[in-house]
Amino acid sequence: MAAAAAAPDAGTDAPTPAVAMPSIPFDLATAGELDELSGLTRAQLLVERTRPCVVFICAAATWVDGCERQDMRAGVQATNVDGPVALAKAAHAAEARTVYFSTDYVFD
């Protein structure tokens, strides 16, 4: 029986992949942005390309002082809220499960 093809490795912290596992750069902060050509979000494009069974979301901004600064609010919102929501919605649409890792940090 032939071995199944390996799924690509995606993410900003993806290890250097083997030849059979191409890395796909992905920034959670831009996951909800629309791609100009397709009209899909970057999260939808990633999920469509990789067709995962499970999506693990474990990236987040956790520097408490920085997260509470007004000048960093938009980036924190994109990374900690908008990006994970876009990725979870894309996973749901593709019938993939989502596992979200969080911390015990609470921001004002």
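The values are calculated or read from the model by the stated rules, or taken from the named source; none is laboratory data. In this text, all values refer to a predicted model and were calculated from it rather than measured experimentally. Counting neighbours? That spans all protein chains shown, and the Cβs are built from the backbone with ideal geometry, glycine included. Surface accessibility is based on the protein's heavy atoms, side chains included, excluding ligands, DNA and RNA. Shrake-Rupley method; radii C 1.70, N 1.55, O 1.52, S 1.80 Å.
Which GluC sites (Glu not before Pro) does the range 35-97 hold that lie in a coil by DSSP with at most 13 other beta carbons within 10 Å? Before the final figure, lay out each step's value.
Working: sites: E36, E48, E68, E95; in loops: E36, E68, E95.
Those that pass, being in a loop and sparsely packed, are E36, E68, E95.
If you count only protein heavy atoms with a 1.4 Å probe, what accessible area per residue comes out for the range 29-100, rounded to a whole Å²?
Values: 4750 Å² over 72 residues.
Here the per-residue accessible area is 66 Å².
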Provide the solvent-accessible area of S38, counting protein heavy atoms only and rolling a 1.4 Å probe, rounded to the nearest 10 Å². 60 Å²
FRET efficiency estimate (nearest 0.05) - Cβ-Cβ, T103 to R51, R0 30 angstrom: 0.55
For the range 29-100, the fraction of alpha-carbon pairs in successive 5 Å shells from zero, as %: 3, 18, 25, 20, 15, 10, 6, 1
